[in-house]
1. B:Asp170 versus (1) outside any loop (DSSP other than H, G, I, E, B); (2) within 10 Å of chain A (Cβ to nearest Cβ); (3) acidic (Asp, Glu): which is the lone unmet condition?
2. If you go through the stretch B:2-11 one residue at a time, do you hit one that is within 16 Å of ligand 1 (Cβ to nearest atom) and within 11 Å of chain A (Cβ to nearest Cβ)?
3. If you scan the stretch B:119-133, which residues turn out to be in contact (Cβ under 8 Å) with a residue 24 or more places away in the chain and either in contact with a Leu (Cβ under 9 Å, 6 or more places away or on another chain) or under 18 Å from B:Arg168 (Cβ atoms) (or both)?
4. Just checking, how many residues over the stretch B:27-75 are within 12 Å of ligand 1 (Cβ to nearest atom), part of a loop (DSSP other than H, G, I, E, B) and within 13 Å of another protein chain (Cβ to nearest Cβ)?
5. With A:Gly245, A:Gly214 as the choices, which residue is buried (at least 20 other Cβ atoms within 10 Å of the Cβ) and either small (Gly, Ala, Ser) or not in a helix (DSSP H, G or I) (or both)?
6. State yes or no: is B:Met153 away from chain A (no Cβ under 14 Å), away from ligand 2 (no atom under 16 Å from the Cβ) and crowded, with 19+ Cβ neighbours inside 10 Å?
7. Any idea which of (1) open to solvent by less than 30 Å² (accessible area, probe 1.4 Å); (2) closer than 30 Å to B:Met178 by Cα is the one B:Ala12 doesn't satisfy?
8. Taking the conditions exactly as written (away from chain A (no Cβ under 14 Å), open to solvent by less than 50 Å² (accessible area, probe 1.4 Å) and either away from ligand 2 (no atom under 15 Å from the Cβ) or part of a loop (DSSP other than H, G, I, E, B) (or both)), does B:Ala196 satisfy them or not?
Amino acid sequence: MPFIRPVAARAATAFSRLWPAVLSVGGLFLLWEAYAQFSGIPPTTLPAPSRVLAQGALHSQALWDNTLPTITATVLGFACSVSAAFVFSVLIDFFRPLRRALLPVFVISQTLPMIAIAPLVVLWFGFGLTPKIMLVALVTFFPMLIALLQGYASTADEIEQLVASMGAPRWRIFLIARLPSALPFFFAGLRISITYAVVGAIFAEYAGAAKGLGIYILNAKNNFRPDLVLAAVMVSATLTLLLFGVTVLLQRLSMPWLRLSGSHKP
Amino acid sequence: MSAARLELRGIAKAFGDLQVLGELSIAVGKGEFVSILGPSGSGKSTIFKLLTGALLPDAGAMLFDGAPLQPDHRPFAFMPQRDALMDWRRIIDNTTLGLEVQGIGRMAARRRVAPLFAEFGLAGFEQHYPAQLSGGMRQRAALLRTVVQDKDMLLLDEPFGALDALTRADMQRWLETMWSRHGWTSLLVTHDVREAVLLSDRIYVLSARPGRIIAEVAVPLSRPRRTGAAVAAIEAGILDLLLSTPTQRT
Ligand SMILES: Nc1ncnc2c1ncn2[C@@H]1O[C@H](COP(=O)(O)OP(=O)(O)O)[C@@H](O)[C@H]1O
Ligand SMILES: [Mg+2]
């Protein structure tokens, strides 16, 4: 079988893919470190990355306690928006006039400034998890919906005509042809939205929360601790990267044919 | 020709102002291999859309075994232009597609197609994805998907149009062998004159748009057919006919 490769070979290719990213990120950190050390800017204004990491390690327990609620809000909000986007995409695909009725509403929902909406949602739904889930869902719903609709539309006419010629009713054509055709678009949407999701969760917490990276950042700022602000930012960046990695992994698992190269053609 | 299985009488189809099919009348007998030969854009694929029910004709009658075609029961297995294999299904699952739609369980469907893989030159490729197959193999997989549906008649839309010349010639010979063995009642549409001559018992020659039959050519050559003087002579005759018929170029 062409797609089972030895673990060592896999690790080697993974490393060869990763080292440019490691180099560029490492380079940025070095520049930042050098600038913070030699520019004379006080660490209370611009802390060096070494200081950010050291203080982050020192406060790791507090950081972790505040990361968990952010992860929860992100994952739950995202799950809600993906489910809702799927349901609406199916409705719109089956009842085309719905598209014209609903899309304007969804577009408007995207133009709402977070800075105005977040405090209002917190005001209405309190400091708990609910408003965070809602805000994460709000920022990620639309890209997911559009990705799915575009995915359905990308179905090859020939394939649809073929399945129809076999006597399949509309809903079977959807399941057999349109839904699988949308998979690459779905995952593209997933990768984009997951990055919005973390930012959305942090913003929602910033507007009011008992715990979470957003509120941690706000408190650290108010205590004149830019090093801890940046430590929380690093945590959120890591979190985003991890979630991004999960979506890539999910895509690889659910679309194994994408990994095939043409080199196995007989 | 025995009693007609498929008969089209005076079929017309227009898209808005564009009259695609004029007055099309053809018949296909049981076990017969018939081709409709016409230039690109003459409405060949449209004929199949009418037959499979994707479109409705503006005028005319479509009869199968003497009775009008029913919208919910089409006796055709259709092979679209380009192979229309689904990237996301393994070859075995692509070939069972029609059986799956008919409601046959996955395992039973696989058992039914599996023995045919060798005859279609696909043995050992059951678990491969379409992206791993060559153009010729993809077409054979698409044809396997078509014939395994066990319908009364095959509709083949330019099955080899996307292949390189050598593979195409190879596939034409292979299809002729397969057809001689199985005797499928077949309607092929193509713009390839040689392909029509090599494969068909009879050829309907379609004019440029609006498509209508300008000639019906019997091909009384023995099988297996190989390119040679006899094939070339019929080919030349049809080409003359097509090129001498006045057309508006598009
Ligand atoms: N759904 C459609 N709407 C409008 N025009 C169409 C449609 N389908 C086909 N046509 C036009 O009809 C003509 C015949 O198309 P087609 O049957 O695909 O030709 P062929 O298969 O012989 O190349 C072409 O000019 C094409 O542009
Ligand atoms: Mg065509």
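The values are calculated or read from the model by the stated rules, or taken from the named source; none is laboratory data. No experiment lies behind these values; they were computed from the predicted model shown. So basically every Cβ, Gly included, is an ideal-geometry build from the backbone, and we count neighbours across all protein chains shown. Just the protein is used for accessible areas: all its heavy atoms, side chains included, with ligands, DNA and RNA removed. Shrake-Rupley method; radii C 1.70, N 1.55, O 1.52, S 1.80 Å.
1. If we test B:Asp170 against (1) outside any loop (DSSP other than H, G, I, E, B); (2) within 10 Å of chain A (Cβ to nearest Cβ); (3) acidic (Asp, Glu), just (2) comes out false.
2. No, there is no match, as no residue in the stretch B:2-11 is within 16 Å of ligand 1 (Cβ to nearest atom) and within 11 Å of chain A (Cβ to nearest Cβ).
3. B:Glu119, B:Phe120, B:Gly121, B:Leu122, B:Phe125, B:His128, B:Tyr129, B:Pro130, B:Ala131, B:Leu133
4. Total satisfying the criteria: 2.
5. Answer to the check: A:Gly214.
6. no
7. (2)
8. Against the criterion (away from chain A (no Cβ under 14 Å), open to solvent by less than 50 Å² (accessible area, probe 1.4 Å) and either away from ligand 2 (no atom under 15 Å from the Cβ) or part of a loop (DSSP other than H, G, I, E, B) (or both)), B:Ala196 does not qualify.
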